[in-house]
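A.B. asks: Dumping the structure here so I can ask a few things about it.
The values are calculated or read from the model by the stated rules, or taken from the named source; none is laboratory data. Here the structure is a predicted model, which means the values were calculated and not measured. Here the Cβ positions follow ideal geometry from the backbone for every residue, glycine too, while neighbour counts run over all protein chains shown.
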Amino acid sequence: MYKIVPNTLFIPKEVVWLSSCHSTNAYALEQLNSTDILEGTVFAAHEQTAGKGQMGNSWEAEAGMNLTFSVVFKPSWLAIDQQFYLSMAVALALHKSISEFLKNNKVSIKWPNDIYVDDYKICGVLIQNSVQKKNIKQSVVGIGLNINQKLFKNLRATSLSKILGCNFKLEDVLSVVLQKLEIEHRKLFDKNFDKLKMEYESHLYRKYIPSEFIIDDNNVLATILGVTETGLLKLSINNTTAFFDLKQIQYVF
């Protein structure tokens, strides 16, 4: 469907372009269960009919207008309690890719791994890990990146085209993303965890800005301080430090 030759060593081993599928993550997992898929293989869909985001939310994507793809990783050297570093690496790769196109626009990482431009979501990530003993056996990293779509049902969504007013070749953007993914993956492989965490936290959406959240059905004013190594969000609430996972807290816009 598209030709892509990114300047990478192992991502992608192969780009499998699908005209339509329910979910590239689900398709990748099906392939992993039935055959030997090389690490670095990319499954990309022209149309995704049932894409999913975090917490089971649906992912809105107009056919042929955006990037919806999944990358297969096999980080058997990564312990279960280190898996959030993979999420950090992916988020950083996407942040750097989008920043390369948007230049002076304010791009940030909304915990745990959405990418925002100002207060608008441009990219979402869903990572599904398989575990073997105490390590990650394989990971399917699903990415939805809004490129040329201009109209969204979700009023808090945006795209490269909507921001810059021009269209992009999907394969050109994908090539940049895969190059950045490989760079960040190398940091992960080298277990350069401190650098990954420092960079990740430096781009956190609303960090150090008092903001409203919903916690236990109550609206709470809190300030993001950072994240823990296992991916909990670290907040200051009334001068007290508290930690939350994804199911416990909701941003208020």
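A.B. asks: Considering only residues that are within 18 Å of Val173 (Cβ to Cβ) and in a loop (DSSP other than H, G, I, E, B), look in the range 114-151 and name the one that is nearest to the chain's Cα centre (by Cα). Walk me through it before giving the result.
C.D. replies: Quick first cut of the range 114-151, residues within 18 Å of Val173 (Cβ to Cβ) only: 114-117, 120-125, 141-150.
Narrowing the set further to residues that are in a loop (DSSP other than H, G, I, E, B) leaves 146-150.
Numbers: Asn146: 12, Ile147: 15, Asn148: 18, Gln149: 18, Lys150: 21 Å.
Result: Asn146.
A.B. asks: When the range 212-228 is examined, which residues are found to be on the phi > 0 side of the Ramachandran plot and exposed (fewer than 13 other Cβ atoms within 10 Å of the Cβ)?
C.D. replies: Keep residues of the range 212-228 that are on the phi > 0 side of the Ramachandran plot, which gives 216-217, 226.
Once the filter is applied, which keeps residues that are on the phi > 0 side of the Ramachandran plot and exposed (fewer than 13 other Cβ atoms within 10 Å of the Cβ), the range 212-228 yields Asp216, Asp217.
A.B. asks: Suppose we keep only residues that are in contact (Cβ under 8 Å) with a residue 24 or more places away in the chain and hydroxyl-bearing (Ser, Thr, Tyr) within the range 229-253. Which one would you say is surrounded by the fewest Cβ atoms within 10 Å (Cβ to Cβ)?
C.D. replies: Thr230
Per-residue answers, yes or no, for (1) touching a helix residue (DSSP H, G or I) at 6+ places or on another chain (Cβ under 9 Å); (2) of a type outside the set (Lys, Arg); (3) surrounded by 13 or more Cβ atoms within 10 Å (Cβ to Cβ):
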site: Ile136; (1), (2), (3): yes, yes, yes
site: Leu145; (1), (2), (3): yes, yes, yes
site: Asn148; (1), (2), (3): yes, yes, yes
site: Ala157; (1), (2), (3): no, yes, yes
site: Cys166; (1), (2), (3): yes, yes, no
site: Leu170; (1), (2), (3): no, yes, yes
site: Val173; (1), (2), (3): yes, yes, yes
site: Val177; (1), (2), (3): yes, yes, yes
site: Ile183; (1), (2), (3): yes, yes, yes
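A.B. asks: Would you confirm whether any residue within the range 165-172 is modelled with pLDDT of 95 or more and among the aromatic types (Phe, Trp, Tyr)?
C.D. replies: Yes, there is a match, as at least one residue in the range 165-172 is modelled with pLDDT of 95 or more and among the aromatic types (Phe, Trp, Tyr).
A.B. asks: Within the range 20-41, can one find any residue that is in the same structural domain as Asp172 (by TED's automatic domain parsing), part of a strand (DSSP E or B) and either surrounded by fewer than 20 Cβ atoms within 10 Å (Cβ to Cβ) or modelled with pLDDT under 70 (or both)?
C.D. replies: First pass over the range 20-41, keeping only residues in the same structural domain as Asp172 (by TED's automatic domain parsing): 20-41.
Going one step further and asking which of them are part of a strand (DSSP E or B), we end up with 21.
Subsequent filtering for residues that are either surrounded by fewer than 20 Cβ atoms within 10 Å (Cβ to Cβ) or modelled with pLDDT under 70 (or both) retains none.
No; the residues of the range 20-41 include none that is in the same structural domain as Asp172 (by TED's automatic domain parsing), part of a strand (DSSP E or B) and either surrounded by fewer than 20 Cβ atoms within 10 Å (Cβ to Cβ) or modelled with pLDDT under 70 (or both).
A.B. asks: I've got another one for you. Applying the selection to the range 86-108, what residues are under 19 Å from Lys191 (Cα atoms), touching a strand residue (DSSP E or B) at 6+ places or on another chain (Cβ under 7 Å) and either aliphatic (A, V, I, L, M) or not assigned by TED's automatic domain parsing to the domain that holds Tyr120 (or both)?
C.D. replies: Applying the first criterion (under 19 Å from Lys191 (Cα atoms)) to the range 86-108 yields 86-93.
Filter once more, keeping what is touching a strand residue (DSSP E or B) at 6+ places or on another chain (Cβ under 7 Å): 86-87, 90-91.
Result: Leu86, Val90, Ala91.
A.B. asks: Cβ-Cβ below 7 Å, separation at least six or inter-chain, first residue in the range 147-159 and in the same structural domain as Lys110 (by TED's automatic domain parsing) and modelled with pLDDT of 95 or more, second β-branched (Val, Ile, Thr) and buried (at least 18 other Cβ atoms within 10 Å of the Cβ): which pairs?
C.D. replies: Close Cβ pairs satisfying both conditions: Ile147/Val173; Thr158/Val117; Thr158/Ile122; Ser159/Ile122; Ser159/Ile147.
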